[in-house]
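The values are calculated or read from the model by the stated rules, or taken from the named source; none is laboratory data. Because the structure is predicted, anything quoted here is derived from the model rather than measured. Reconstructed Cβ throughout: ideal geometry from the backbone, glycine too, with neighbour counts over all protein chains shown.
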Protein chains: 2
Amino acid sequence: MGQTNSQDQMLRARAQSVIPGGLWGHLNAANLPPGYPQYFARAEGCRLWDVDGREVIDFMCSWGPVILGHHHPAVEDAARAQSALGDCMNGPAPVLVELAEKLVETIPHAAWCLFSKNGTDATTACATIARAATGRRKLLVARGSYHGAVPWCSPSLAGVTAEDRAHILHYDYNDPASVKAAVAEAGDDLAGILVTAFRHDMARDLELPNPAFAQTLRSLCDSHDAALILDDVRAGFRLHLGGSWETLGIRPDLAAYSKAIANGHPLAAITGSEHLRTAATKIFTTGSFWCGAAPMAAALATITTLHALEAPTHLKTMGERLRTGLAASAKRHALPIRQSGPPQMPLMLFDNDPDFRLGNTFCAAALDAGAYFHPKHNMFLSCAHTAADIDRALEAADAGFSAVARVG
Amino acid sequence: MGQTNSQDQMLRARAQSVIPGGLWGHLNAANLPPGYPQYFARAEGCRLWDVDGREVIDFMCSWGPVILGHHHPAVEDAARAQSALGDCMNGPAPVLVELAEKLVETIPHAAWCLFSKNGTDATTACATIARAATGRRKLLVARGSYHGAVPWCSPSLAGVTAEDRAHILHYDYNDPASVKAAVAEAGDDLAGILVTAFRHDMARDLELPNPAFAQTLRSLCDSHDAALILDDVRAGFRLHLGGSWETLGIRPDLAAYSKAIANGHPLAAITGSEHLRTAATKIFTTGSFWCGAAPMAAALATITTLHALEAPTHLKTMGERLRTGLAASAKRHALPIRQSGPPQMPLMLFDNDPDFRLGNTFCAAALDAGAYFHPKHNMFLSCAHTAADIDRALEAADAGFSAVARVG
């Protein structure tokens, strides 16, 4: 610890000349606290090593994909065995059918599924299927919710035209009245309502969906013959293996999955209810690698292992241990914090920290002490996190709180 | 040969219940001649084995991705070594920088690049960068050209709204006058012109770009400060390693690559000229697996190997051998055919075959005799095709021509 980031700095300097801004998208370290590495040399279980040799216990899990820990043997063996036979061929391998059957068996609303590569592929296909099914155009999304990185839903307006969002209407998460108002605005042109598994917008307290809100979405979609689209890309498989709203007893018509579905191998899935099967055959959605068999074999092994480990329960237990420990440590340092979200995907914010100065200080010092936290985005637990890992990370967090107390 | 497709039929039947229509997208065997398998058990070099154990010499190369042949050792070793270190992490591995440097060194117009997963990601990002750079909206595309499978460009209109294409204007490939007319129609709102490397629309003769057409696109983009976007997703790395229009001496401002870039590992890239670097930093484009390191290691090994093998020349030699052999065989059978496109990505059509009855008969019989051709989509050569493979495939083709002569 405390080494310089010299290898990281050299790579960043080289990248500046061949990659605009050094890196695109959500993994750009420019958005992270000072001292966070951009480049990684190696990963194992819940641990990462940056290119300067620093080892950390990781609580971002690659921003979601790594749910069993890096290099889970069942997943890697399955991917390797399929790859040795064939990966990207003129058609799928039999594992496509096995994986589709496994998802339909695992996810109660699902009568069928399609596979793609990005979460954005999946949310876009859901939106297109909803429109194809209904012959209508309006899609309701919650203000501030993230559904992908293409013009109809990107958080940036650069290069986006007004027409890209002509048929997007907004409601407020957890506000049934705002949903009713948006449905009224859509009139007889309502194709569907998109909703994330919980409110996980960056840089604000996370909010679980309240049951009345979820029920309102379901009832309005039913009464208007519109599609309820659950965007489970970020949360999928961490809260409940059957879909994140199973605990609420609310089932969507379409759901988008990606991230954790194959423990880091590139895959996304759309699941659909029976009444949308025909609409799904009408749209054209495809990609050069979407029938790639190795990521499907990885996904099948991932989902099988998640069942065997009762993953959501393990993740919850570990997340609660982290949460309890962070609360106790903050209290010892007399630092007011707020913890929100499901324990499997937690967030910790400091009170009175509008510019995240305290959060950044906490994270930078905790990183130096061996734990990789995030100051404003929900974090992720994995099945590779043990109680000992959490306790070790809490020691690093304590160093973070000490640093905050010093600058406080 | 001549076996039943019993395993394939069983898998198709199972898929019918869990996948809408049995399979989505371009790999759906419902669009192929009778007898073509849907499911594949294994691949090696230029050979595929279907789930019923039939071996074929393949001329689709997974519809483009497989350019060195399946399981090329340099590519697989590189992917495996990177994967053993780490693939999907909290940030990229150093190979990101090495690959970006290699692309910028290989592709003359490129000052920078970005990576994604699908060809559609790349074409969409190019369109968005062009709009962000210019503050204008209109994009020109050739009638019938394929640029991806999302609403702004999908070949299907199901689930697509008029607004998704409000700013798309059309021209005709190889027709400079139609380009000028579309530019005039765009007026002061022209953001860019998209063009495929050659005219490779399905089910018609392929057309190479004529130099005057290419020069017109370049001149109009220059005089209007608009971006010339080369969609090299399908052809990239087969015709010229520096970009498919290098032989014409025309360089784009933005180019989209995918398919062959990593010999079947999932990756796409956008390359850009220096003057669009700032615009590229403004748009938001990202995906959960876009910094995945194993496909980047595969791409670096692929491009290095393509250079070492002088791949375009080898592919051309093999494609010409195939073309010459097909012409001779058709002549022996007195069957009039047309061959079009670059030899590396050839197409053979029968004269007087509007419903592809002759093409389907040819393909079905050739498949039975051990070669996997396509009746109406451009095919692909790979570096794994040897002269002996071509000669063996020509024997299968001869069986195909015999079958056509019998029914013809």
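Some observations on this one:
- Across segment A:130-187, the number of residues qualifying as charged (D, E, K, R) and out of contact with any His (no Cβ under 8 Å at 6 or more places or on another chain) comes to 8.
- Test for B:P37: is it at the interface with chain A (Cβ under 8 Å from one of its Cβ atoms), modelled with pLDDT of 95 or more, over 22 Å from A:K117 (Cα atoms) and buried (at least 23 other Cβ atoms within 10 Å of the Cβ): yes
- The residue that is surrounded by the most Cβ atoms within 10 Å (Cβ to Cβ), counting only those in segment A:67-84 that are at the interface with chain B (Cβ under 9 Å from one of its Cβ atoms) and in a helix (DSSP H, G or I), is A:A79.
- Selected residue (criterion: farthest from B:M202 (Cα to Cα)) from residues of segment B:345-382 that are among the aliphatic types (A, V, I, L, M) and in a loop (DSSP other than H, G, I, E, B): B:A369
- Residue in segment A:334-347 that is hydroxyl-bearing (S, T, Y) and surrounded by 20 or more Cβ atoms within 10 Å (Cβ to Cβ) present: no
- Residues that are part of a loop (DSSP other than H, G, I, E, B) and within 14 Å of the chain's Cα centre (by Cα) within segment A:225-239 comprise A:D232, A:V233, A:R234, A:A235, A:G236, A:F237, A:R238, A:L239, listed in sequence order.
- Of the residues B:G341, B:G370, B:G400, the single one that is more than 21 Å from the chain's Cα centre (by Cα) and closer than 30 Å to B:L306 by Cα is B:G370.
- Flag for B:S156 being among the hydroxyl-bearing types (S, T, Y), surrounded by 20 or more Cβ atoms within 10 Å (Cβ to Cβ) and under 21 Å from the mean Cα position of the chain (by Cα): no
- Any hit, segment B:12-26, residues being surrounded by fewer than 21 Cβ atoms within 10 Å (Cβ to Cβ), facing another protein chain (nearest Cβ under 8 Å) and under 25 Å from B:A268 (Cβ atoms): yes
- Residues satisfying the stated conditions in segment B:274-299, i.e. under 21 Å from A:C61 (Cβ atoms) and either more than 21 Å from the chain's Cα centre (by Cα) or facing chain A (nearest Cβ under 7 Å) (or both): B:T286, B:G287, B:S288, B:F289, B:W290, B:C291, B:G292, B:A293, B:A294
- Count - residues of segment A:85-110 that are among the small types (G, A, S) and more than 8 Å from chain B (Cβ to nearest Cβ): 1
- From the list B:G53, B:G64, the lone residue that is small (G, A, S), on the phi > 0 side of the Ramachandran plot and crowded, with 22+ Cβ neighbours inside 10 Å is B:G64.
- Residue check, A:L315 surrounded by 21 or more Cβ atoms within 10 Å (Cβ to Cβ) and either assigned by TED's automatic domain parsing to the domain that holds A:A399 or among the acidic types (D, E) (or both): yes
- Considered as a group, the residues in segment A:267-288 that are β-branched (V, I, T) and more than 16 Å from A:L96 (Cβ to Cβ) include one that is surrounded by the fewest Cβ atoms within 10 Å (Cβ to Cβ), and that residue is A:T278.
Yes or no, residue by residue, for (1) assigned to a loop (DSSP other than H, G, I, E, B); (2) farther than 29 Å from A:C88 by Cβ:
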{"site": "A:S244", "(1), (2)": "yes, yes"}
{"site": "A:R251", "(1), (2)": "yes, yes"}
{"site": "A:H265", "(1), (2)": "yes, no"}
{"site": "A:R277", "(1), (2)": "no, no"}
{"site": "A:T281", "(1), (2)": "no, no"}
{"site": "A:T285", "(1), (2)": "yes, no"}
{"site": "A:W290", "(1), (2)": "yes, no"}
{"site": "A:A297", "(1), (2)": "no, no"}
{"site": "A:L300", "(1), (2)": "no, no"}
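- Listed by position, the strands (runs of 3 or more DSSP E) enclosed by segment B:123-214 that each have at least 3 residues that are closer than 30 Å to A:I19 by Cα, modelled with pLDDT of 95 or more and away from every other protein chain (no Cβ under 14 Å) are B:138-142, B:190-196.
- Condition met for A:I57 (among the aliphatic types (A, V, I, L, M) and more than 9 Å from chain B (Cβ to nearest Cβ)): yes
- Residue check, A:T305 in a helix (DSSP H, G or I), under 24 Å from the mean Cα position of the chain (by Cα) and surrounded by fewer than 16 Cβ atoms within 10 Å (Cβ to Cβ): no
- Among the residues listed as A:S62, A:S17, the single one being part of a helix (DSSP H, G or I) and either touching a residue at least 60 places away in the same chain (Cβ under 8 Å) or touching a Gly at 6+ places or on another chain (Cβ under 9 Å) (or both): A:S62
- Among residues of segment B:40-54 being in a loop (DSSP other than H, G, I, E, B) and either more than 7 Å from chain A (Cβ to nearest Cβ) or among the small types (G, A, S) (or both), the one that is nearest to B:P312 (Cα to Cα) is B:C46.
- Filtered by the rule that a residue be within 14 Å of chain A (Cβ to nearest Cβ) and among the polar types (S, T, N, Q), segment B:345-377 gives no residues.
- Any chance B:L335 is in contact with a Lys or Arg (Cβ under 7 Å, 6 or more places away or on another chain) and not aromatic (F, W, Y): no
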